[in-house]
Amino acid sequence: MTDPAATPAQPKPNARTGARLAVVQALYEMEISDKGVIDALAEFEAHWIGQEIDGVAHPPAETAFFRDVLRGAVEEQRAIDPKLDGALAKGWPLRRLEVVLRAILRAGAYELMFRRDVPARAAISQYVDVAHSFYGGDEPGMVNAVLDRVGREVRSTEFGIPAAPGPATAKKG
């Protein structure tokens, strides 16, 4: 018999972590099955989030956050995809990546671009963790690099990069 105090407790994923994982799974499901956002929201909220399916436990999720990130990643895809293409290595556009990687990057980019209430570094770290849930190779590092590039572009001040002077702040010569 093992002493429970001797084995470290598995940390319980917080509700936002569960929401991010569910968003990635829903985006994947939507892309491979041509489901819409409403169908994906209904299916995941009713049958996946917080459930055990085929021996796999799906963590609880903050529903409002899940809904916002899923809807946002889909609705803002026309703004998100060019940012991701610009952050990816030359010759590797987003469309060439595997479906799960696209889902992770789109959800992460949505948070970086549109959820200013989430610190950029926290969002990046969370999506790297999500990538580790699916991949054991170089993919989590790629997710980190791409989202870091997007974050530095869209939230430069959070990374200690001075904001570029705009028309109102540019010095006149």
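The values are calculated or read from the model by the stated rules, or taken from the named source; none is laboratory data. Given the structure is predicted, the values throughout are model-derived calculations rather than measurements. Positions of Cβ are generated from backbone atoms using ideal geometry, with glycine treated the same way; all protein chains shown enter the neighbour counts. Surface accessibility is based on the protein's heavy atoms, side chains included, excluding ligands, DNA and RNA. Shrake-Rupley method; radii C 1.70, N 1.55, O 1.52, S 1.80 Å.
Remarks
- Environment charge at Ser133 (Cβ cut-off 13 Å; Lys +1, Arg +1, Asp -1, Glu -1): -1
- Here the Gaussian network model covers the chain, with springs between Cα atoms less than 10 Å apart; of Tyr135, Tyr28, Tyr127, Tyr135 fluctuates the most.
- Inter-centroid distance (Cα atoms) of region 48-101 relative to region 20-45, Å: 9 Å
- Coarse-grained scattering of region 79-154 at q = 0.14 Å⁻¹, given as base-10 log I(q)/I(0) from a Debye sum over alpha-carbon atoms: -0.36
- Relative contact order computed over region 83-151 (Cα-Cα under 8 Å; 6+ residues apart), in percent: 39 percent
- According to the Kirkwood relation over distinct C-alpha pairs, the hydrodynamic radius of the chain is 17.3 Å.
- Charged neighbours of Arg67, selected by a Cβ distance under 12 Å, balance to -3 (K, R count +1; D, E count -1).
- Relative to the longest principal axis of the Cα atoms of the chain, helix 63-75 runs at roughly 50 degrees.
- Relative packing of peptides 109-119, 31-41, 16-26 - highest average C-beta neighbours within 10 Å first: 16-26, 109-119, 31-41
- In degrees, nearest ten, helix 139-154 long axis to first principal axis of the chain (Cα): 40 degrees
- For the chain, the solvent-accessible area works out to 58 Å² per residue, with a probe of 1.4 Å and every protein chain left in place.
- Accessible carbon and sulfur surface of region 73-145 relative to its total accessible area, %, 1.4 Å: 50 percent
- Per residue convex hull volume, Cα atoms of region 45-112, in Å³: 104 Å³
- In degrees, nearest ten, helix 15-33 long axis to first principal axis of the chain (Cα): 90 degrees
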